[in-house]
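These notes are about the structure you will find just below.
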Amino acid sequence: MNLRILHTADNHIGISFNQYPEVRERLVEERFEALERLVATGNEREAHFFVVAGDLFDKQSVTKGQVERAVKILAGFEGEAVLVLAGNHDFCEGADNKLWKWVRAAAEGTTVLALTEAGTREFAGDDYKVRFYACPCPSKHGREHMIGWVEEEEKGPDFLHVGLAHGNVEGLGLDADQRYFNMSEGDLRAAGVDTWLLGHIHVPAPAPGTTGKPLYFMPGIHTPDSVKCSHPGHAWWIEFEKGGKCRHEQLTAGAIRFARVSKVLEHAGDLAALRTACEAFDAPKTILDLQLTGRLREEELEELNEMLGELAPGFLHFTREQDIAPVLDAAAIAKRYPEGTLPSSLLLALLQDDAHPGDAHLALDIIESIRPS
């Protein structure tokens with residue numbers, strides 16, 4: 001047995017990215033380009049199968065042009081077949097589903113196979129025999145997983161048995177309301193296959209460093225789609241070798257990163273640390289969201305604004321939410337209120353109260369809130 005599979009899922013072709021109007025086209029294009037990179041890797045490594053374990057498309061309302069382009073990319077795979085499973089975003093509720101009609105029409109004459117009905121697919125090469133058990137999603141939400149029938153299937157010893165499914169795995173993702181075809185490890189194990197190639201959760205599994213033949217593989221999204229995705233986009237390279245050995249390698253497919261940096265800024269050293277954190281990114285390929293809080297002296301706040309004004313243009317996209325309060329000292333009070341005025345006297349007196357260091361800042365907030373504009 002010598003079988004090579006490239007496994008991806010949750011590609012979500014068709015995300016609109018309307019919240020990023022300045023770079024929307026670039027982000028939409030990245031979904032396709034990352035898929036092209038995976039196909040190229042599969043060809044370079046001479047994979048036998050390219051598996052998409054659900055959610056190739058983000059929604060039922062993707063355009064026909066997006067479907068045709070995605071299928072054309074997949075059709076460039078030079079191995080035995082591309083297996084595309086219906087996930088919960090691109091579910092198939094029946095033969096009249098428009099999305100999957102488009103997929104099949106675009107895939108005609110190619111090795112791209114749409115797996116929209118539960119069933120098996122067998123393939124045999126010179127040195128492998130494999131049976132895939134397709135468990136597609138018939139709807140966006142489902143309280144019951146779709147893999148129960150696999151346990152009842154006879155599984156001959158001459159074949160490698162690989163399950164394909166889409167849904168939540170208990171302990172790996174959250175599904176408190178049981179809406180996403182939830183599977184337990186017990187369910188997966190009871191099916192009696194050699195391993196599962198899954199989709200749905202945007203976090204890769206198994207963990208790095210895992211050896212042997214994992215119960216299941218979850219590739220995670222192939223290129224990030226929001227700041228919720230902290231990894232650069234992954235897929236799995238899986239080799240089943242003679243004697244039952246399994247070798248697997250995590251591939252990186254994404255070229256764009258989303259990053260959120262949250263910092264509390266209280267002194268000049270924090271500004272230096274923030275600069276270091278920002279400069280660690282590949283700025284032209286990074287969408288950066290800064291969340292900044294804290295207290296700074298006026299000159300430090302000026303330094304912060306100058307630094308961010310310098311860094312921002314280098315990023316693909318840059319946003320910040322900033323809630324920085326001023327540090328109060330005698331000089332800062334004098335800039336706001338003339339000496340001898342009630343606010344000045346009150347704030348200076350509160351600054352001297354070492355037992356209640358926050359009272360002066362609280363008083364300033366109150367004074368500023370009622371001060372005529």
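Per-residue answers, yes or no, for (1) modelled with pLDDT of 95 or more; (2) out of contact with any strand residue (DSSP E or B) (no Cβ under 8 Å at 6 or more places or on another chain); (3) assigned to a strand (DSSP E or B); (4) farther than 18 Å from ASN11 by Cβ:
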{"residue": "ALA235", "(1), (2), (3), (4)": "yes, no, yes, no"}
{"residue": "GLU239", "(1), (2), (3), (4)": "yes, no, yes, yes"}
{"residue": "LEU251", "(1), (2), (3), (4)": "yes, no, yes, no"}
{"residue": "ALA255", "(1), (2), (3), (4)": "yes, yes, no, no"}
{"residue": "ALA259", "(1), (2), (3), (4)": "yes, no, yes, yes"}
{"residue": "SER262", "(1), (2), (3), (4)": "yes, no, yes, yes"}
{"residue": "ALA272", "(1), (2), (3), (4)": "yes, yes, no, yes"}
{"residue": "THR276", "(1), (2), (3), (4)": "yes, yes, no, yes"}
{"residue": "PRO284", "(1), (2), (3), (4)": "yes, yes, no, yes"}
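Across region 62-90, the qualifying residues are those that are in contact (Cβ under 8 Å) with a residue 12 or more places away in the chain and small (Gly, Ala, Ser), and the one among them that is farthest from ASN11 (Cα to Cα) is GLY79.
Exactly one residue out of ALA47, ALA86, ALA40, ALA81 is within 20 Å of LEU251 (Cβ to Cβ), crowded, with 23+ Cβ neighbours inside 10 Å and of a type in the set (Gly, Ala, Ser), and it is ALA47.
Conditions (1) of a type in the set (D, E, K, R); (2) surrounded by 19 or more Cβ atoms within 10 Å (Cβ to Cβ); (3) outside the structural domain of ILE147 (by TED's automatic domain parsing), marked per residue:
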position: GLU185; (1), (2), (3): yes, no, no
position: ALA207; (1), (2), (3): no, no, no
position: MET218; (1), (2), (3): no, yes, no
position: VAL227; (1), (2), (3): no, no, no
position: ALA235; (1), (2), (3): no, yes, no
position: ILE238; (1), (2), (3): no, yes, no
position: LYS242; (1), (2), (3): yes, no, no
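Within region 313-330, is even one residue modelled with pLDDT of 90 or more, out of contact with any strand residue (DSSP E or B) (no Cβ under 8 Å at 6 or more places or on another chain) and in a helix (DSSP H, G or I)?
Yes, the conditions are met somewhere in region 313-330.
Considering each residue of region 41-56 in turn, at least one proves to be in a strand (DSSP E or B), under 23 Å from THR120 (Cβ atoms) and either outside the structural domain of ILE221 (by TED's automatic domain parsing) or without any contact (Cβ under 8 Å) to a residue 60 or more places away in the chain (or both). Going residue by residue through region 56-77, is there one that turns out to be within 15 Å of the chain's Cα centre (by Cα) and crowded, with 21+ Cβ neighbours inside 10 Å? Within region 56-77 (the criterion being within 15 Å of the chain's Cα centre (by Cα) and crowded, with 21+ Cβ neighbours inside 10 Å), the answer is yes, since at least one residue qualifies. For region 175-193, check the following and say yes or no: at least one residue is over 17 Å from GLY87 (Cα atoms), in contact (Cβ under 8 Å) with a residue 40 or more places away in the chain and under 18 Å from the mean Cα position of the chain (by Cα). No, region 175-193 contains no residue that is over 17 Å from GLY87 (Cα atoms), in contact (Cβ under 8 Å) with a residue 40 or more places away in the chain and under 18 Å from the mean Cα position of the chain (by Cα).
Yes or no, residue by residue, for (1) under 22 Å from THR120 (Cα atoms); (2) outside any strand (DSSP E or B):
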{"residue": "LEU188", "(1), (2)": "yes, yes"}
{"residue": "GLY192", "(1), (2)": "yes, yes"}
{"residue": "TRP196", "(1), (2)": "yes, no"}
{"residue": "GLY209", "(1), (2)": "no, yes"}
{"residue": "GLY212", "(1), (2)": "no, yes"}
{"residue": "HIS222", "(1), (2)": "no, yes"}
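With respect to the conditions (1) surrounded by fewer than 20 Cβ atoms within 10 Å (Cβ to Cβ); (2) part of a strand (DSSP E or B), LEU308 lacks only one, and its number is (2). Does GLY163 meet the test of being under 20 Å from SER139 (Cβ atoms), buried (at least 22 other Cβ atoms within 10 Å of the Cβ) and more than 21 Å from the chain's Cα centre (by Cα)? Judged against the criteria, GLY163 is a match. Among the residues of region 170-189, just one is of a type in the set (S, T, N, Q) and at positive phi, namely GLN178.
The values are calculated or read from the model by the stated rules, or taken from the named source; none is laboratory data. Note that the structure is predicted; figures quoted are calculated from it, not measured. Every residue, glycine among them, receives a Cβ derived from its backbone with ideal geometry; neighbour counts consider all protein chains shown.
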